[in-house]
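First up is the structure itself, then whatever we jot down about it.
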Amino acid sequence: MSEYKTAIFDLDGVIVDTAKYHYLAWKCLADELGFEFTEHDNERLKGISRRKSLEILLDIGGMRLDEKTKITLSEKKNGWYVAFIKNISSKEILPGVIDFIKEIRSLGIKISLGSASKNARLILQNIGMTEYFDAIVDGNCVLKAKPDPEVFIAAAGRLGSERRECVVFEDAEAGIEAAKSAGMYAVGIGRRDILEKADIVVGGFSGSKDRKIIEELFK
Ligand code: BG6
Ligand code: MG
């Protein structure tokens with residue numbers, strides 16, 4: 001029997017294709033502030049909190065601003081982002097995700113969300129996936145952002161799971177780092193060159209070869 005009893009999923013870029021909307025919203029802000037912000041720069045923002053992302057963005061633009069302005073800009077970015085995701089639906093769930101979750105649930109695996117996003121519940125509701133999760137830990141529940149392991153440790157705690165029993169699915173470098181410092185098994189979703197600290201990297205949940213590899217973890 002498998003040593004893994006719990007699966008913890010990141011949300012943005014793992015369950016749903018919201019990473020592109022985060023990028024677009026940050027790009028709107030950079031345009032307004034008058035500097036370039038590329039998709040390559042955006043890799044540094046994946047997985048980390050809104051506030052930390054703003055600090056990195058301002059650093060890229062070579063800007064130093066006071067606290068009040070930072071709060072205003074962070075709210076502005078979120079306003080754009082929420083407008084982008086307002087009409088998001090189950091069509092934007094990434095291929096194979098639902099089938100994979102159903103499959104491992106049928107094996108008795110507990111499922112948790114472990115996301116940095118404060119908009120996670122809104123997204124899960126819009127895509128109709130709330131009921132698939134035994135626990136939801138998001139950006140409103142933790143003080144320290146990924147790469148700190150707090151979010152994953154909290155998810156394991158909510159389910160009464162040992163850390164070593166957990167498998168984390170993540171698309172961001174900061175998320176893989178968080179999973180590894182939590183002492184969990186880390187599956188990278190995406191590119192091996194970016195997610196090199198993961199235990200294994202797969203392209204997604206739909207390819208038959210990838211699917212077999214990740215299902216085997218729980219059998
Ligand atoms: C993560 C995203 O899941 O959530 C980041 O990968 C984002 O890009 C972070 O900044 C915080 O999200 P939100 O919705 O609280 O601004
Ligand atoms: Mg992500």
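The values are calculated or read from the model by the stated rules, or taken from the named source; none is laboratory data. Every value quoted in this text rests on a predicted model; they were computed, and no experiment measured them. Please note: Cβ atoms are built from the backbone with ideal geometry, for glycine as well, and neighbour counts cover all protein chains shown. Areas reflect the complete protein model, heavy atoms only, side chains present, ligands, DNA and RNA absent. Shrake-Rupley method; radii C 1.70, N 1.55, O 1.52, S 1.80 Å.
Within the range 159-181, being in a helix (DSSP H, G or I), within 16 Å of ligand 1 (Cβ to nearest atom) and of a type outside the set (D, E, K, R) holds for Ala174, Gly175, Ile176, Ala178, Ala179.
Scanning the range 33-46 for any residue that is in a loop (DSSP other than H, G, I, E, B), in contact (Cβ under 8 Å) with a residue 60 or more places away in the chain and among the β-branched types (Val, Ile, Thr) turns up nothing. Listed by first and then second residue, the pairs linking a residue in the range 4-29 that is free of Cβ contacts under 8 Å to residues at least 60 places away in the same chain to a residue that is among the charged types (D, E, K, R) and part of a helix (DSSP H, G or I), with Cβ atoms under 8 Å apart and 6 or more places separating them unless they lie on different chains, are Tyr23/Glu39; Ala25/Lys77; Trp26/Lys77; Cys28/Lys77; Leu29/Lys76; Leu29/Lys77.
Against the list (1) in contact with a helix residue (DSSP H, G or I) (Cβ under 8 Å, 6 or more places away or on another chain); (2) within 16 Å of ligand 2 (Cβ to nearest atom), the condition Tyr4 fails is (2). Check the range 92-102 and report whether any residue there is over 15 Å from the mean Cα position of the chain (by Cα) and within 22 Å of Val151 (Cβ to Cβ). Yes, the range 92-102 has at least one match. Restricting Ile56, Ile48 to residues that are at pLDDT below 95, within 16 Å of ligand 2 (Cβ to nearest atom), out of contact with any Phe, Trp or Tyr (no Cβ under 6 Å at 6 or more places or on another chain) and among the aliphatic types (A, V, I, L, M) narrows the list to Ile48. What are the residues in the range 104-136 that are among the β-branched types (Val, Ile, Thr), outside any loop (DSSP other than H, G, I, E, B), touching a residue at least 60 places away in the same chain (Cβ under 8 Å) and within 13 Å of Phe9 (Cα to Cα), if any? Within the range 104-136, Ile104, Ile111 qualify. Can you go through Lys209, Lys146 and tell me which one is within 15 Å of ligand 1 (Cβ to nearest atom) and either of a type in the set (Lys, Arg) or open to solvent by less than 40 Å² (accessible area, probe 1.4 Å) (or both)? Testing whether each residue is within 15 Å of ligand 1 (Cβ to nearest atom) and either of a type in the set (Lys, Arg) or open to solvent by less than 40 Å² (accessible area, probe 1.4 Å) (or both) leaves just Lys146. Pick out the one residue from Asn126, Asn119 that is more than 15 Å from ligand 2 (Cβ to nearest atom) and either open to solvent by less than 10 Å² (accessible area, probe 1.4 Å) or among the polar types (S, T, N, Q) (or both). Among Asn126, Asn119, only Asn126 is more than 15 Å from ligand 2 (Cβ to nearest atom) and either open to solvent by less than 10 Å² (accessible area, probe 1.4 Å) or among the polar types (S, T, N, Q) (or both). Restricting the range 11-32 to residues that are small (Gly, Ala, Ser) and either open to solvent by 60 Å² or more (accessible area, probe 1.4 Å) or assigned to a helix (DSSP H, G or I) (or both), the residue that is farthest from Ala186 (Cα to Cα) is Ala30.
Does Ser53 satisfy the criteria of being touching a Lys or Arg at 6+ places or on another chain (Cβ under 6 Å), within 13 Å of ligand 1 (Cβ to nearest atom) and free of Cβ contacts under 8 Å to residues at least 40 places away in the same chain? For Ser53, the condition - touching a Lys or Arg at 6+ places or on another chain (Cβ under 6 Å), within 13 Å of ligand 1 (Cβ to nearest atom) and free of Cβ contacts under 8 Å to residues at least 40 places away in the same chain - is not met. Restricting to the range 7-40, name every residue that is away from ligand 2 (no atom under 16 Å from the Cβ), aliphatic (A, V, I, L, M) and either at pLDDT below 95 or in the same structural domain as Ser117 (by TED's automatic domain parsing) (or both). Matches in the range 7-40: none. Checked against the criterion of being more than 14 Å from Val14 (Cα to Cα), in a helix (DSSP H, G or I) and either in contact (Cβ under 8 Å) with a residue 60 or more places away in the chain or under 16 Å from the mean Cα position of the chain (by Cα) (or both), the range 191-204 contains not a single residue that satisfies it.
Of all residues in the range 170-181, those that are surrounded by fewer than 24 Cβ atoms within 10 Å (Cβ to Cβ) and hydrophobic (A, V, I, L, M, F, W, C) total 1.
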